[in-house]
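Undergrad: Can you read through this structure? Questions will come right after.
Throughout, read-outs are computed from the coordinates displayed, never taken from laboratory work. Keep in mind the model is a prediction, meaning the values are calculated, not measured. Glycine gets a Cβ as well: all are built from the backbone with ideal geometry, and neighbour counts include every protein chain shown.
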Amino acid sequence: MVCDRCKMVVTNELKQLGLHPQQVTLGTAELQEEQLSAEQSAQLNSSLQLLGFELIADPKSRIIEKIKNVIIGLIHYQEGNPEYKYSDILSKELNADYSHLSKLFSETEGITIEHYIIAQKVEKVKEYLAYGELSQGEIADRLGYSSTAHLSSQFKKITGLTPGQFRKDKENNRLQLDKIGLPASDTRH
């Protein structure tokens, strides 16, 4: 789940299945039920798949999903200039050593956490450019770039366009948040 609408859809689906969600956050759902029957799990999994979600039972996959959700939350849903290190936040949020998280993420996803962060930030830059309300300097400040040149360099490396060229492009090829960082063949809209 990568947005408030996703949380709402999952909450509604859980209720329709007769389950009692206590808390639904990005990537997790806590239920009042202590354990689901095999039939309930299968029904829930089937319903969620129809909506484009999946149950994640593997502990490694859960950690990867948590890492992604923390990064998405920090980049896409927080306002202002970030004054933190992603490694510190991830270590604290997941209660694990960053080097362990980084190694697990790289082995599982085929990219580093740093590259995933850059890809998410570039997608947020695309959003800001598409709306056209902020200057590149303001965008750089909001996303914690050291300079406009640094933002432009990363943006061009990822998209092949400068921010100015992207702003002029009417198609503004933006990606779904859960597809960012995947190989190009897997980034369907």
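Undergrad: Could you tell me, in Å, what Rg and Dmax come out for the Cα atoms of the range 1-102?
TA: Expressed in Å, the Cα Rg and Dmax of the range 1-102 come to 15.2, 47.
Undergrad: Next up: Compute the whole-percent fraction of alpha carbon pairs in the range 102-144 spaced more than 14 Å apart. All intermediate terms of the calculation are to be shown ahead of the outcome.
TA: Working: 489 of 903 pairs.
When all Cα pairs of the range 102-144 are counted, 54 percent exceed 14 Å.
Undergrad: Rg and Dmax of the range 42-145 over Cα atoms: what are they, in angstrom?
TA: 15.9, 49
Undergrad: Another one. Give me the mean projected area, in nm² to one decimal, of the convex hull enclosing the Cα positions of the range 4-55.
TA: Values: hull surface 12.8 nm².
Mean shadow area of the hull around the Cα atoms is 3.2 nm².
Undergrad: Here's something else I'd like to know. For the range 65-159, give the magnitude of the charge dipole about the Cα centre (Cβ charges: +1 Lys/Arg, -1 Asp/Glu; no others), in debye to the nearest 20.
TA: Computed about the Cα centre, the dipole is about 220 debye.
Undergrad: When only alpha-carbon atoms count, how far does the range 35-89 stretch along each of its three principal axes, as whole angstroms with the largest first?
TA: 46, 22, 16
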